[in-house]
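Report on one structure; see the data block that follows.
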Amino acid sequence: MIRETLRMSSTLPLLLRWLSSFLIFCQIFYASQADLGTASQYWPPYTPSACFGSESTQFPSSNFFAAAGEGIWDDGAACGRQYLISCISSVLPKACKSGETIQIKIVDRAQNLSSTPTRQGTTMVLSNAALAAIADSNAPSLNIDFRQV
């Protein structure tokens, strides 16, 4: 019995080290699934959109939606895709709302918007409600972390 207890006590630290390493690896792997990009915002009118025309049901009830920039447009395959987005930084100091992550739906192409975005050439152009949920709405553009869901 004593020998068994000693053997278990010597393998326990090894098991804990392995488990700790595994958990760290999992966190790194999970974090690497996200991409970095930029976002600006736009205001109504939001229709017609390049994805769904004038259909009012295209917009999620949260009003968290976006237009895809050329980097993710993918010849229209981006239509309907959903992303988790969080703000990393902005030119406006302290603009990001720490810990806030939202889910948005792609409903348009940034290149064809009816209204002018606050900055051209971004990865995504967020609806004003979506940007305000993750950052100060006065920020002209954001650096974002995004991941398709």
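Among the residues of segment 47-61, not a single one is closer than 20 Å to ASP145 by Cα and more than 16 Å from the chain's Cα centre (by Cα). Restricting attention to segment 123-149 and to residues that are of a type outside the set (A, V, I, L, M, F, W, C) and more than 15 Å from PHE65 (Cβ to Cβ), the residue that is most open to solvent (accessible area, probe 1.4 Å) turns out to be ASN138.
One residue stands out in segment 85-105 among those that are of a type in the set (A, V, I, L, M, F, W, C) and over 12 Å from ALA130 (Cβ atoms): the one that is surrounded by the fewest Cβ atoms within 10 Å (Cβ to Cβ), namely VAL91.
The values are calculated or read from the model by the stated rules, or taken from the named source; none is laboratory data. Owing to the predicted nature of the structure, the values given are computational and were not obtained by experimental measurement. Quick reminder, even Gly has a Cβ in these numbers, built from the backbone with ideal geometry, and neighbours come from all protein chains shown. The protein model used for the area step is the full one, side chains on, heavy atoms only, and it has no ligands, DNA or RNA in it. Shrake-Rupley method; radii C 1.70, N 1.55, O 1.52, S 1.80 Å.
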